Amino acid sequence: MIKKVEPKQRIRLDKETAKLIRKYYNLLPEAMVEPFTKFEKMLNKNEALTDAQHNYLDGMYEAVLGNLTGEKVDVHVDLKNKSKLNLHY
């Protein structure tokens with residue numbers, strides 16, 4: 001069972017994720033640059049991302065880590081993909 005994360009805690013988690021993405025911004029795929037900038041602005045205003053935006057931010061994190069390490073990195077739970085139901089980050 002996946003626990004519901006408190007909004008303030010999720011904003012804090014998303015901010016930390018965005019900090020790491022910003023650090024390796026040059027490794028972010030071009031298609032993700034504009035959405036990342038929008039998400040970062042929202043987070044800087046302490047606005048919570050929607051579930052879809054949160055998942056997309058996790059995908060950006062995976063893309064950056066994958067480009068950094070040269071390996072595919074799966075770190076988030078995609079509830080649409082049943083095979084990933086038991087993954088945690």
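So how much slack lies between residue 30 and residue 62, counting 0.36 nm per residue of separation and subtracting their Cα-Cα distance, in nm?
This chain segment gains 10.1 nm when fully extended.
Could you tell me which of rounded, prolate or oblate describes the range 3-60, using a ≥ b ≥ c as the square roots of the eigenvalues of the alpha-carbon gyration tensor, with rounded for a/c under 1.5 and, failing that, prolate when a/b is larger than b/c and oblate otherwise? Intermediate values should be presented prior to the final figure.
On the way: a/c = 1.86, a/b = 1.72, b/c = 1.08.
Since a/c reaches 1.5 and a/b is larger than b/c, the shape of the range 3-60 is classed as prolate.
Sorted by mean Cβ packing within 10 Å, highest first, what order do the peptides 60-69, 21-30 take? Please report the intermediate quantities before stating the final value.
Values: 60-69: 17.4, 21-30: 13.1.
In decreasing order of mean packing, 60-69, 21-30 become 60-69, 21-30.
Each reported figure results from applying straightforward, stated rules to the coordinates on display, with no laboratory input. Computed from a predicted model, the values in this text were never measured in an experiment. With ideal geometry, Cβ positions are generated from the backbone for all residues, glycine too; neighbour counts draw on all protein chains shown.
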